[in-house]
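Where a number appears in this text, it was derived from the coordinates with a stated rule and is not lab data. These numbers were taken from a predicted model, which means no experiment stands behind them. Note that we place each Cβ from the backbone using ideal geometry, even for glycine, and neighbour counts take in every protein chain shown.
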Amino acid sequence: MFANLIAKVVMKALNQAVGEITRQVTRVQTEVVDQMTSHVTTGFDDMWRGEDADQFKEKVLKIMIPDTSSIVSFGGLFTKGIMEAAQKMQGADKAASGILGDLGGVFGKIF
C-alpha cells in the first residue's frame, strides 16, 4: 500500500517533468525555429541585401535551423523514452504484485 502511494507520487512528478520538457521543446520550435525560418524567408531580401545577407541567410537555413530542429527532435524522443520506461515500470510493478499475491496464496495453503 505504501509502495503504491510512492509509485503514484513518482508518476505524478514524472508526468509533470515530461509536461515541462514538452512545453520547452514546443517553445523552441515555435519561438526559435519557426520565427527564424519566417524571418529569413519572408521579406528578408527586402530588408538586407548583399553577400553578407546571403551568407547569413544560408547559415540560418543550413546550420542553425537543422541543429535547432535536432534539439526539438531529441526532446520528443527523450520524453517518449521516459514515458515508455515509466509504463514498463508500472507493468513490472503490477506483475510483481501479482506474483507476490500468488505466492501468498501458496503459502496460505501450506500453512
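Here are the numbers:
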quantity	calculated
Listed residue (16, 90, 79) projecting farthest to the positive dipole end of the chain, Cβ model	90
Cβ-Cβ FRET estimate between residue 89 and residue 44, R0 fixed at 35 Å, reported to 0.05	0.10
Candidates 60, 25, 72: whichever shows maximal mean-square fluctuation once the chain is modelled as a Gaussian network with Cα springs under 10 Å	60
Within the chain, helix-based [θ] at 222 nm, where runs of 4 or more DSSP H residues each add -39,500 (n - 2.57), nearest 500	-28500 deg cm²/dmol
Theoretical gain in end-to-end length, residue 30 to residue 67 [0.36 nm per residue, Cα-Cα removed]	11.9 nm
Chain lengthening between residue 8 and residue 58 when straightened (0.36 nm per residue, less Cα-Cα)	13.1 nm
Helix 2-27 axis, angle to the chain major axis (alpha carbon atoms, nearest 10°)	10 degrees
